[in-house]
Amino acid sequence: MRLSLHILGLMLLSLTCLNAGAASQRKLTSYQKYIERYSDLAIQQQKKYRIPASITLAQGLLESGAGQSDLARRSNNHFGIKCHSDWRGGRVYHDDDLRGECFRKYKRVEESYEDHSRFLAERSRYASLFRLNIKDYKGWAKGLQRCGYATDRAYANKLIKVIEDYELYRFDSGKGKRSSSRDQEMPAVRYQIYRTYGLLYVYAKENDSFEHIARNLGFKARSLRKYNEVPENFPLQKGDIVYLEKKKKKADKPHYDHVVQIGESMHSIAQMYGIQIKSLYKMNKKDKDYVPEEGDVLKLR
């Protein structure tokens with residue numbers, strides 16, 4: 001049901017700032033060291049090939065075990081790229097889907113990053129990804145899985161979780177900074193406010209931010225981030241739900257469960273139904289390391 005901004009004005013200004021902080025995530029030291037070491041390289045590849053640095057880093061982290069896998073240490077292959085018929089470089093043999101499969105071998109890690117970029121940029125099956133916004137890491141993650149980069153049914157969701165847990169999206173600006181002034185460039189915007197199942201929310205617009213929404217609706221940005229359980233520099237995409245008050249502990253009827261789709265995270269599912277993330281984990285008896293896989297059924301109440 002739609003509610004006009006004029007009618008809700010006083011109600012919105014009276015909403016208090018509740019402590020609904022983002023669910024804490026365990027940060028692996030090995031992941032943090034990998035990010036620190038290779039983030040500049042990922043940014044360089046983004047500028048050259050227009051592949052989001054967040055995607056490159058997330059793939060490198062997952063495929064190489066943060067640089068600690070046998071394949072990464074033996075052959076500097078950080079992306080699990082196999083030889084294929086057109087490969088003329090070094091080779092190493094490693095058990096994967098089959099025993100003794102041929103993987104590409106590089107003299108330096110930098111060569112692996114360059115080859116990964118060219119592997120995506122020069123193959124027609126990945127062409128659709130390059131039409132996406134450079135900051136649309138969710139679209140890239142889903143596209144990589146659908147295009148067959150990996151056989152893991154949870155591959156896209158794993159990429160998204162790593163990107164969000166370690167805030168890799170901050171590198172997609174090309175600078176790696178944690179703050180952004182893009183909201184200062186946006187003119188004042190009138191937001192249509194909605195109420196569904198008792199919760200007030202708006203939809204993010206193109207190039208939107210929590211700072212811009214907060215300034216337009218009379219909130220503090222940190223309050224909106226708490227309501228929506230995200231860190232300071234979390235990027236909004238057009239159409240994202242932004243709640244204006246604390247979310248609930250369970251979904252309203254008739255939403256009893258949810259079937260996980262490609263590209264969904266616990267956060268995106270929680271946003272969809274207006275549920276607190278910690279409650280979603282608790283209802284489903286999952287820990288913070290759980291990655292929802294396509295086809296999983298999650299309880300909502």
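The values are calculated or read from the model by the stated rules, or taken from the named source; none is laboratory data. Worth saying up front: this structure is predicted, and the values here are computed from it rather than measured. Please note: Cβ atoms are built from the backbone with ideal geometry, for glycine as well, and neighbour counts cover all protein chains shown. The protein model used for the area step is the full one, side chains on, heavy atoms only, and it has no ligands, DNA or RNA in it. Shrake-Rupley method; radii C 1.70, N 1.55, O 1.52, S 1.80 Å.
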Original post:
Taking a 24 Å limit on the Cα-Cα distance, which of the listed pairs 142/226; 248/288; 33/238; 246/286; 33/107 fall beyond it?
Top reply: 142/226; 33/238
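Going highest first, how would you order 275-285, 120-130 by mean Cβ packing within 10 Å? Don't jump to the answer; show the numbers that get you there.
Values: 275-285: 17.9, 120-130: 14.7.
Ranked from most to least packed, the peptides come out as 275-285, 120-130.
Keeping every protein chain present and rolling a 1.4 Å probe, give me the accessible area per residue for the chain in Å². Before the final figure, lay out each step's value.
Working: 15570 Å² over 301 residues.
Here the per-residue accessible area is 52 Å².
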Original post:
At a probe radius of 1.4 Å, what is the per-residue accessible area of residue 247, in Å² to the nearest 10?
Top reply: 10
Original post:
When only the heavy atoms of the protein chains count and the probe is 1.4 Å, how do 83, 102 rank by accessible area, highest first?
Top reply: 102, 83
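Probe radius 1.4 Å, ligands and nucleic acids left out: which of 87, 140 has the largest accessible area, and how do the rest follow? Mind showing how you got there, number by number?
Working: 87 40, 140 0 Å².
Largest accessible area first, the list is 87, 140.
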Original post:
Around residue 200, which amide H atoms from residues at least 5 apart in sequence, or from another chain, sit under 5 Å from its own amide H, with H modelled in the peptide plane?
Top reply: 244, 245
Original post:
Between residue 90 and residues 5 or more places away or on another chain, which pairs have amide H atoms under 5 Å apart, with H built 1.01 Å from N, and which residues are they?
Top reply: 105
Original post:
Leaving out ligands, DNA and RNA, what percent of the accessible area of segment 190-232 is carbon and sulfur, probe 1.4 Å?
Top reply: 43
Original post:
With point charges of +1 on the Cβ of Lys and Arg and -1 on the Cβ of Asp and Glu, referenced to the Cα centre of the chain, which listed residue (169, 90, 61) lies farthest in the positive direction of the dipole?
Top reply: 169
